[in-house]
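A.B. asks: Structure in structure tokens, see below.
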Amino acid sequence: MSGRNRVEITGEGPVLVNGPVDVTGPDGEVVRSERSVTALCTCRRSRRFPFCDTSHRDRERRAHRGGGSR
Amino acid sequence: MTLTRQAPAPSTTEPALPAPRGPLSAAVLDALRTGGRPGGALDAVPDDVYGEDAQLTLYCLYELHYRGFAGVDPEREWDPELLTVRRDLERAFLARLREDAPVDDVRGPADVDAEMAGLLTEPTDADGTGVSHHLLRDGEPWQFREYLAHRSMYHLKEADPQAWVIPRLHGAAKAALVTVEHDEYGSGDPERVHARLFAAMMRAAGLDDGYGAYLDLAPAETLAEVTLMSMFGLHRALRGALVGQFAAVELTSSPGSDRLVRAIARMGLGPEVAEFYAEHVEADAVHEQLVRRGVIRPLLAAEPELAADVVFGVRASSFLAERLERRLLGAWGARATSLREPLPPIG
Ligand code: FES
Ligand SMILES: [Fe+2]
Ligand SMILES: [Fe+2]
């Protein structure tokens, strides 16, 4: 692996950052992510800001099955 | 209920063989128990491949590839007669699924994008008709415990069925899929393995976290979701469908997990119960991106002819998920158990 960090701007929601990161928020608080890829929220709607929780998605009033998780 | 979390090493004991549910499972389980041949099993393949007898048999035959069963020779995994039974069941299962999840409309990768876009649109909390919506709005702790018992058939081997596809992918698609799997397996931290987080949640909710502990209670609808993944994973020819199944779950999991975190809080079940789903809100927001951009895009760029199978994987897993949801919500609406028998009372 090169020492260079990779950042991907998805354009539809989060920014993806490669490697474990320390994220400093606007209030100076530092949150740590140990994941190999972290999704940082850019829409400001996440309930887990600074991390994306998919709140950037469209909400629609219609029936849809709700998934579990894996 | 017990809310203590012991620091547990995952159990390494193999599960007991389940009770049969018809002539085919009786013949196959008998062969596994005695070490004998599955005499007569081939003539016993039932008409209803979604039914209890067929799904339990298929589940047990696949289980030989995972952790096996106590007292069963591990070599039975490659017993040609058992594999023949498995093959007959798989052919019937796949034929039914191809009828119930048709993909005649899929022409190429653009149709896969459209299918993914459909999965990314979420209903509002008030409008959703799924199990997580029900649990959020009106769920009761006994229903949540039943939900965990059903889900334990998969989550105690979470990510294992999808690991079979790794050698069937190449280049960028393989690298991205392994990045997701690495996260499912705790990114190197055994305490964070998702299957282990699920086991901890089961204990915190007063359930038995033993591998396979609820197999006898799990109905065919529950087992079918797992046999689907195992079939897709174990067949290189179905690698596109496996990727589609993987995508369907990763794309819908994060909002569903968020509803379950809130449902757990509303039911007063405590944060140690919520940890598994809390982890999945964040993890699957990342996994969604990796699966769509990292796995599907390069896979279809290299092998565009897999587009229809990717969509088939999405639709087949959604079809089976909806069947299970109907069973759960139907039973709970009648204040009855959604399992084959009620859970034993918790101590
Ligand atoms: S970018 Fe995903 S929640 Fe904000
Ligand atoms: Fe997971
Ligand atoms: Fe995931």
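A.B. asks: Can you run phi through the Karplus equation (6.51, -1.76, 1.60; θ = phi - 60°) for region B:44-56 and list ³J(HN,Hα) in whole Hz, with x for Gly and Pro?
C.D. replies: Values per residue, Gly and Pro as x: 9, 4, x, 5, 8, 6, 8, x, 4, 5, 5, 5, 5 Hz.
A.B. asks: Whole-Hz ³J(HN,Hα) for each residue in region A:7-20, computed from phi via Karplus 6.51 cos²θ - 1.76 cosθ + 1.60 with θ = phi - 60°, x for glycine and proline: what do you get?
C.D. replies: 10, 10, 8, 6, x, 10, x, x, 9, 9, 10, 7, x, x
A.B. asks: For region A:1-56, rounded, prolate or oblate, judged on the Cα gyration tensor with a ≥ b ≥ c (square roots of eigenvalues), a/c < 1.5 rounded, else prolate if a/b > b/c?
C.D. replies: Since a/c reaches 1.5 but b/c is at least a/b, the shape of region A:1-56 is classed as oblate.
A.B. asks: In addition: If you build a Gaussian network model of chain B, linking Cα atoms that sit under 10 Å apart, which residue out of B:A41, B:A149, B:A247 swings the most?
C.D. replies: Highest fluctuation of the listed residues: B:A41.
A.B. asks: If you take the charge dipole of region B:133-182 about its Cα centre, with +1 on Lys and Arg Cβ and -1 on Asp and Glu Cβ, which of B:V165, B:M153, B:H133 is farthest toward its positive end?
C.D. replies: Projecting each Cα onto the dipole axis, the largest value belongs to B:V165.
A.B. asks: While we're on this one: Among B:195-201, B:31-37, how do they line up by average Cβ neighbours within 10 Å per residue, starting with the highest?
C.D. replies: B:195-201, B:31-37
A.B. asks: Here is a follow-up. Under a plain spin-label model, where a point goes 7 Å from the Cα along Cα-to-Cβ, how far apart in nm are B:E191 and B:H170?
C.D. replies: A separation of 4.2 nm, rounded to one decimal place.
A.B. asks: Roughly speaking, what is the centre-to-centre gap between region B:42-57 and region B:248-291 when only Cα atoms are used, to the nearest Å?
C.D. replies: A separation of 34 Å, based on Cα centres.
A.B. asks: According to the square roots a ≥ b ≥ c of the eigenvalues of the Cα gyration tensor, what is the shape class of chain B, taking rounded for a/c under 1.5, prolate for a/b larger than b/c otherwise, and oblate for the remainder?
C.D. replies: rounded
A.B. asks: Give the calculated FRET efficiency between B:A336 and A:E34 to the nearest 0.05, with a Förster radius of 41 Å applied to their Cβ-Cβ distance.
C.D. replies: Efficiency, rounded to the nearest 0.05: 0.45.
A.B. asks: Could I have the simple spin-label model distance between B:A16 and A:R4, label points 7 Å from Cα toward Cβ, reported in nm to one decimal?
C.D. replies: 6.0
A.B. asks: Mean-square fluctuation check for chain B, GNM, Cα pairs under 10 Å: which of B:A205, B:A159, B:A237 is largest?
C.D. replies: Comparing B:A205, B:A159, B:A237 in the GNM, the peak value goes to B:A237.
A.B. asks: To check you understand DSSP bridge types, tell me what percent of the beta bridges within the protein assembly as shown (both residues inside) are antiparallel, rounded to 5.
C.D. replies: 85
A.B. asks: Please list the non-local residues whose amide H lies under 5 Å from the amide H of B:G206, H modeled 1.01 Å from N, same-chain partners needing a gap of 5 or more.
C.D. replies: Correct list: B:T2.
A.B. asks: Rounded, prolate or oblate, given the Cα gyration tensor of the protein assembly as shown, with a/c below 1.5 counting as rounded?
C.D. replies: Cα axes put the protein assembly as shown in the prolate bin.
A.B. asks: To continue, here is another question. Obtain the nm distance between the two label points defined at A:E12 and B:A237 by a simple spin-label model: each point lies 7 Å from its Cα along the Cα-to-C-beta direction.
C.D. replies: My value for the distance between the label points is 3.2 nm.
A.B. asks: What average number of partner chain Cβ atoms lie no more than 10 Å from the Cβ of the residues making up B:255-264?
C.D. replies: The mean count of partner-chain Cβ atoms within 10 Å per residue comes to 4.
A.B. asks: Under the Karplus relation 6.51 cos²θ - 1.76 cosθ + 1.60, θ = phi - 60°, what is the ordered set of whole-Hz ³J(HN,Hα) values for region B:106-112, x standing for Gly and Pro?
C.D. replies: Running phi through 6.51 cos²θ - 1.76 cosθ + 1.60 with θ = phi - 60° gives 8, 9, x, x, 4, 6, 5 Hz.
A.B. asks: For the protein assembly as shown, build the charge dipole from Cβ charges (+1 Lys, Arg; -1 Asp, Glu) around the Cα centre, then report which of B:V314, B:A31, B:P255 sits farthest towards its positive end.
C.D. replies: It is B:P255.
A.B. asks: Still on this structure: Could you tell me the distance between the Cα centroids of region B:171-235 and region B:60-81, to the nearest Å?
C.D. replies: Using only Cα atoms, the two centres lie 19 Å from each other.
A.B. asks: Take chain B, connect every pair of alpha-carbon atoms lying under 10 Å apart with a spring to form a Gaussian network, then pick out the residue of B:S25, B:S187, B:S254 with the largest mean-square fluctuation.
C.D. replies: Between B:S25, B:S187, B:S254, it is B:S187 that shows the largest mean-square fluctuation.
A.B. asks: Please compute the average number of Cβ atoms from other chains found within 10 Å of each residue's Cβ in peptide B:327-335.
C.D. replies: What the average comes to for B:327-335 is 0.
A.B. asks: Per-residue Cβ counts within 10 Å, from other chains only, averaged over B:282-295: what number is that?
C.D. replies: The mean count of partner-chain Cβ atoms within 10 Å per residue comes to 6.
A.B. asks: What dipole magnitude, in Debye to the nearest 20, does region A:1-56 give about its Cα centre under +1 on Lys/Arg Cβ and -1 on Asp/Glu Cβ?
C.D. replies: 80
A.B. asks: How high is the relative contact order of region B:162-245? Use alpha-carbon pairs under 8 Å, at least six apart in sequence, and give a whole percent.
C.D. replies: 32
A.B. asks: Taking the Cα centre as origin and putting +1 on Lys and Arg beta-carbons and -1 on Asp and Glu beta-carbons, what dipole magnitude results for chain B, to the nearest 20 debye?
C.D. replies: So the magnitude is around 200 debye.
A.B. asks: A follow-up question, please. So what's the back-of-envelope 222 nm ellipticity for chain B, counting only DSSP H runs of four-plus at -39500 (n - 2.57) apiece and dividing by all residues, rounded to 500?
C.D. replies: Mean residue ellipticity at 222 nm (helix-derived): -19000 deg cm²/dmol.
A.B. asks: 5 Å is the cut-off here: which amide hydrogens, built 1.01 Å from N in the peptide plane, fall below it relative to A:F51, excluding neighbours closer than 5 in sequence?
C.D. replies: It is A:C41, by chain and number.
FYI, it's all coordinate maths here, none of it is from the lab. Keep in mind the model is a prediction, meaning the values are calculated, not measured. Note that we place each Cβ from the backbone using ideal geometry, even for glycine, and neighbour counts take in every protein chain shown.
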